[in-house]
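The values are calculated or read from the model by the stated rules, or taken from the named source; none is laboratory data. If you're wondering where the values come from, they're calculated on a predicted model, not measured in any experiment. Neighbour counts run over all protein chains shown; Cβ positions are idealised from the backbone, glycine included. To get the accessible areas, we keep the full protein, side chains included, count just its heavy atoms, and leave off ligands, DNA and RNA. Shrake-Rupley method; radii C 1.70, N 1.55, O 1.52, S 1.80 Å.
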Amino acid sequence: MFANLKYVSLGILVFQTTSLVLTMRYSRTLKEEGPRYLSSTAVVVAELLKIMACILLVYKDSKCSLRALNRVLHDEILNKPMETLKLAIPSGIYTLQNNLLYVALSNLDAATYQVTYQLKILTTALFSVSMLSKKLGVYQWLSLVILMTGVAFVQWPSDSQLDSKELSAGSQFVGLMAVLTACFSSGFAGVYFEKILKETKQSVWIRNIQLGFFGSIFGLMGVYIYDGELVSKNGFFQGYNRLTWIVVVLQALGGLVIAAVIKYADNILKGFATSLSIILSTLISYFWLQDFVPTRVSLCRQAGVLWRDLGLLQPPTPWFKGFSCLSL
């Protein structure tokens, strides 16, 4: 039963990661009549859905008792204000990161985004060394160097890009800056969140409720500051359609899927799931979205990132199993 849950969670992770990237990319480039949905409101709705899902999971862990659920939420959140406030920092960073991912996928094809976003592994490792005093072995540093090389190839101009300066909608420079900023924010927030989890005994679901609470507040602030006029004019859910709701739900369930993988599998198998997701995103981006043209350089960059995943599987594997922040 445990083995089945492990592979089921990994399969769901591959599906969720690939689907989120492709649907988000498609939803941001699809030309329709009327206003396009606001990414800032989508982030808020995703946070609210994540809170609801985590509350249901806590309810299940409380033996489906409303009284027990109320007691847990009261004791773990309201009666521990300082512990709750600690989540404000990573929550604000994750909210910024989620908004940046919409910007990145509005300006980069799915395959380029998938590969470049793997730089979060490098930033996570660097923050772990500086903030958690972790030590990296030779295989890990070599794998990170290979990762940097693979991502560098992503920005190498191909022959088709020289002939056609714009393969996808928007500015690739804006998309690159957005995804790089998201990588740094993901690395710092992931390590900070891991540090908090190690210092307390609260469940992952309670911590996700706290993250979602602050994320909703920060998200609403972003809606008011950047899109307040558009919301007052066309409404909070302007441009929402079935595809938009699919994107929102996939984004909301992302953290829960990661938690399930960490619980039933490990980070090594998660690396394989990430690699498989990159391959699937590349194939679908080429055959379905038709916004990615494979070249010799692009194949090299894909190989560089996939080889990084294989490099991380080399000994000493016990270190990598303990590197839980890589999953965030």
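Can you tell me which residue among 96, 126 is at pLDDT 80 or above and more than 30 Å from residue 220 (Cβ to Cβ)?
Only one candidate qualifies: 126.
Restrict the check to the stretch 24-40 and report whether at least one residue is at negative phi, of a type outside the set (Ser, Thr, Tyr) and modelled with pLDDT of 90 or more.
The answer is yes; a qualifying residue exists.
Sort out which residues of the stretch 189-218 are at pLDDT 90 or above and over 12 Å from residue 51 (Cβ atoms), and write them in order of number.
218
Return the residue satisfying two criteria in turn: it lies in the stretch 233-256 and is open to solvent by 100 Å² or more (accessible area, probe 1.4 Å) and free of Cβ contacts under 8 Å to residues at least 60 places away in the same chain, and of such residues it is nearest to the chain's Cα centre (by Cα).
Selected residue: 245.
Of all helices (runs of 4 or more DSSP H) completely enclosed by the stretch 2-102, which ones contain at least 2 residues that are open to solvent by less than 30 Å² (accessible area, probe 1.4 Å)?
Where helices (runs of 4 or more DSSP H) fall fully within the stretch 2-102 and carry at least 2 residues being open to solvent by less than 30 Å² (accessible area, probe 1.4 Å), they are 2-29, 39-61, 66-73.
List, please: which pairs have Cβ atoms under 9 Å, are six or more places apart or on different chains, and start with a residue in the stretch 46-63 that is free of Cβ contacts under 8 Å to residues at least 60 places away in the same chain and end with one that is among the small types (Gly, Ala, Ser)?
From the stretch 46-63, the pairs are 52/212; 52/252; 59/65; 59/68; 62/68.
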